[in-house]
Amino acid sequence: MGSVDGSPLVGVIYATLLIGTVAYILVRGGIDERIVVGVLMLGSIDTYLIYMFLDQSFTALQLLLLVNEAVVLAVLLTVALWSKRFWPIPVASFQVAAFLSLLTPYFGVNIFSHGLGVAQGIWAYPQLVTLVWGTIRGNNRRARFNMLRTS
C-alpha cells in the first residue's frame with residue numbers, strides 16, 4: 001500500500017493523499033467508505049512498518065507483506081460483496097492487482113525488488129481516488145433525490 005521505498009517526495013504525496021482521503025471520508029462518508037478507508041490506512045501503516053522496522057530476509061518481508069495485503073483484500077472483497085454501491089468493486093480489484101504482484105516471486109518471475117515495490121504500491125493511488133469519487137457521487141445522488149444515508 002503506497003510507496004515506502006521510493007523518493008521521499010512520493011511518500012509525502014501518498015501520505016498527503018491518504019490523510020486528505022481519511023479526513024474527507026470521516027466527514028462525508030458512510031459506513032462502507034469508513035471501513036474501506038480504515039483498512040487502507042491500516043494496511044498502509046502496516047506496510048510502512050514492515051519495511052522500516054523489520055531487518056529480515058527478503059523472504060520474511062515478502063511473507064509479511066503478503067499476509068498484510070491478503071487481510072486488506074479480504075476486507076475489501078467483503079465490503080464489495082456487502083455494499084449496494086458500485087465503487088467498492090474497483091477498489092477491491094485494484095487490491096487484487098497489488099496482491100498478485102506480491103505473488104510473482106513464488107511463480108519464478110524475477111522482478112527487481114524496487115520494481116516489485118512499485119508494482120505493489122502503485123495501486124493504492126487509484127484506490128483512494130476511486131473511494132473519494134464514489135463518496136462524492138453517492139452524496140450527490142442522495143442530495144439530488146433527497147435520500148437519507150443508508151450505509
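The values are calculated or read from the model by the stated rules, or taken from the named source; none is laboratory data. It should be emphasised that the depicted structure is a prediction, and the values quoted were computed from it without experimental measurement. With ideal geometry, Cβ positions are generated from the backbone for all residues, glycine too; neighbour counts draw on all protein chains shown. To get the accessible areas, we keep the full protein, side chains included, count just its heavy atoms, and leave off ligands, DNA and RNA. Shrake-Rupley method; radii C 1.70, N 1.55, O 1.52, S 1.80 Å.
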Please go through the range 80-106 and give me each residue that is at pLDDT 85 or above and open to solvent by 70 Å² or more (accessible area, probe 1.4 Å), ordered by number.
LEU81, TRP82, LYS84, PHE86, ILE89, LEU100
Return yes or no: is LEU77 more than 16 Å from GLN127 (Cα to Cα), in a helix (DSSP H, G or I), open to solvent by 20 Å² or more (accessible area, probe 1.4 Å) and touching a helix residue (DSSP H, G or I) at 6+ places or on another chain (Cβ under 6 Å)?
no
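Go through the range 135-147 and give me each residue that's modelled with pLDDT of 80 or more and more than 25 Å from LEU76 (Cα to Cα).
The initial filter retains those residues of the range 135-147 that are modelled with pLDDT of 80 or more, namely 135-145.
Those that are modelled with pLDDT of 80 or more and more than 25 Å from LEU76 (Cα to Cα): ALA143, ARG144, PHE145.
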Does VAL27 satisfy the condition of being within 20 Å of GLY134 (Cα to Cα), open to solvent by less than 30 Å² (accessible area, probe 1.4 Å) and modelled with pLDDT of 90 or more?
no
Single match in VAL118, VAL109, VAL132 (criterion: outside any helix (DSSP H, G or I), of a type in the set (Val, Ile, Thr) and either at pLDDT below 95 or open to solvent by less than 80 Å² (accessible area, probe 1.4 Å) (or both)):
VAL109
Identify all residues within the range 30-41 that are surrounded by 15 or more Cβ atoms within 10 Å (Cβ to Cβ) and in contact (Cβ under 8 Å) with a residue 24 or more places away in the chain; write none if there are none.
GLY30, ASP32, GLU33, ILE35, VAL36, VAL37, VAL39, LEU40
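Residues to consider are THR16, THR47, THR59, THR21; find the one that is exposed (fewer than 15 other Cβ atoms within 10 Å of the Cβ) and at pLDDT 85 or above. First the steps, then the outcome.
Values: THR47 fails: exposed (fewer than 15 other Cβ atoms within 10 Å of the Cβ); THR59 fails: at pLDDT 85 or above; THR21 fails: exposed (fewer than 15 other Cβ atoms within 10 Å of the Cβ).
Testing whether each residue is exposed (fewer than 15 other Cβ atoms within 10 Å of the Cβ) and at pLDDT 85 or above leaves just THR16.
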